[in-house]
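S.K.: Can you keep this structure in mind? I'll have questions shortly.
The values are calculated or read from the model by the stated rules, or taken from the named source; none is laboratory data. Fair warning: this is a prediction, and the values are worked out from it, not measured in the lab. Cβ sites come from the backbone with ideal geometry, for glycine too, and all protein chains shown count toward neighbours.
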Amino acid sequence: MANMRFAVLIPCGPSALEVDRLTDTISSILYHDPDDCLAIYVMNDGNKEIESVNFAKPIKHYPHPRNGEGWGWGGGLIAGEIWSFEQIAREHPDAECVIKMDTDALVVGSLATRLETVFSDRVTGMAGSRIATNHLPAYKSTNPLSYFPNKVRKLRAPVSLWRKPNWHLRFAFSGTHRRIAQMYDVAEQHGYMAGELIEGSSLAIATSCIKLLSASGVAGRWRDFLDCPVSDDIVLTMLPYFVGMRAVDSDLWCVEPASLRYSPEEIVKEGKAGIVHSLKVYKEISELELRSKFRSYRT
């Protein structure tokens, strides 16, 4: 089976830790897929030090298109990712998908061959670690499905009260808020289940899906999402359904919101995962120790 060529999008925030994280995460990508990773895009949200990170493979640094507007963790990130997906697909039409990774995610195995399998069904528009049931495995630290539909319900409501980024009322009678609410209506007609989630710390979106989002006008209206008061995955998971595709689960991703699921030794021995998250901690093991252990497997 042929390898799937891909590009990578890495959003970076202002933290001083981002330079070391970004350097190590890019190193892991290029170690495992030096030929099939065609480009790495770094979306920089106000971190001047990030531009010092460079490799032999072209790394495209660019300022976050939100330019300070919106909520960086929520709507601002959503808007920037949608804008970036379209730009990457336009500049690298030979990339068959775009992998989005946070800086505390890491590649631990080759992705290209397995991505071809993940996206072999051409209706698949997005893949990652999917939450679609309340009966999660014991190891999952993510909120179950029941947590997320309420966020979607509030986004679709004519009037809703939100705590983040600051207490505010959101009105969806008309305009961009109404348009986003109606997108969920369309997505449900195509099989979307309110609240289902591809965890946003790392996921892959097919270039074919990005092209449909562009043709539908969604990508061009990326600014509509700037003030969304939810995490990026709550919106991103809906997008493939909106254009008639679907989101699927894949064990290529071993993702938890705030820590590793297993130790580095267990992950490498099992050999299933290609991308892991989060490297911030595992039990009593620090991020520096975790990254050092994974680096030892790359030498």
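S.K.: Take the conditions free of Cβ contacts under 8 Å to residues at least 24 places away in the same chain and surrounded by 15 or more Cβ atoms within 10 Å (Cβ to Cβ) and apply them to residue 241. Does it pass?
M.R.: Considered against the rule, which asks whether it is free of Cβ contacts under 8 Å to residues at least 24 places away in the same chain and surrounded by 15 or more Cβ atoms within 10 Å (Cβ to Cβ), residue 241 comes out as no.
S.K.: Then there's this: Here is a check on your reading of the model: is residue 2 of a type in the set (A, V, I, L, M), free of Cβ contacts under 8 Å to residues at least 40 places away in the same chain and farther than 26 Å from residue 220 by Cα?
M.R.: In short, no.
Condition check ((1) of a type in the set (A, V, I, L, M, F, W, C); (2) in a helix (DSSP H, G or I); (3) over 26 Å from residue 293 (Cα atoms); (4) within 19 Å of the chain's Cα centre (by Cα)) across all residues:
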site	(1), (2), (3), (4)
29	yes, yes, no, yes
38	yes, no, yes, yes
43	yes, no, yes, yes
49	no, yes, no, no
55	yes, no, no, no
61	no, no, yes, yes
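S.K.: Can you name the condition, by its number, that residue 264 falls short on among (1) crowded, with 21+ Cβ neighbours inside 10 Å; (2) touching a Gly at 6+ places or on another chain (Cβ under 9 Å)?
M.R.: (2)
S.K.: Now, a different point. Any residue at all in segment 132-146 that is loosely packed, with under 13 Cβ neighbours inside 10 Å, aliphatic (A, V, I, L, M) and more than 30 Å from residue 89 (Cα to Cα)?
M.R.: yes
S.K.: Only residues that are among the hydrophobic types (A, V, I, L, M, F, W, C) and touching a Lys or Arg at 6+ places or on another chain (Cβ under 8 Å): list them for segment 34-72, please.
M.R.: Selection gives 37, 38, 39, 40, 42, 71.
S.K.: Another question, then. What are the pairs with Cβ atoms under 6 angstrom where one residue, in segment 161-186, is touching a residue at least 40 places away in the same chain (Cβ under 8 Å) and within 27 Å of residue 240 (Cβ to Cβ) and the other, located anywhere, is charged (D, E, K, R) and exposed (fewer than 14 other Cβ atoms within 10 Å of the Cβ)? Sequence gap at least six, or different chains.
M.R.: From segment 161-186, no pairs qualify.
S.K.: Condition first: assigned to a strand (DSSP E or B) and either β-branched (Val, Ile, Thr) or more than 29 Å from residue 17 (Cβ to Cβ) (or both). Now tell me which residues in segment 86-144 satisfy that.
M.R.: Across segment 86-144, the qualifying residues are 98, 99, 107, 124, 125, 131.
S.K.: Please report, ordered by residue number, the strands (runs of 3 or more DSSP E) entirely within segment 183-299 with at least 3 residues that are over 25 Å from residue 72 (Cβ atoms).
M.R.: Once the strands (runs of 3 or more DSSP E) in segment 183-299 are filtered for at least 3 residues that are over 25 Å from residue 72 (Cβ atoms), what remains is 246-249.
S.K.: Are any residues in segment 67-104 more than 17 Å from the chain's Cα centre (by Cα) and at pLDDT below 95, and if so, which ones?
M.R.: Residues satisfying the conditions are 67, 68, 69, 70.
S.K.: With the checklist (1) modelled with pLDDT of 95 or more; (2) farther than 30 Å from residue 293 by Cβ in hand, flag the one item residue 164 doesn't pass.
M.R.: Checking residue 164 against (1) modelled with pLDDT of 95 or more; (2) farther than 30 Å from residue 293 by Cβ, the one that fails is (1).
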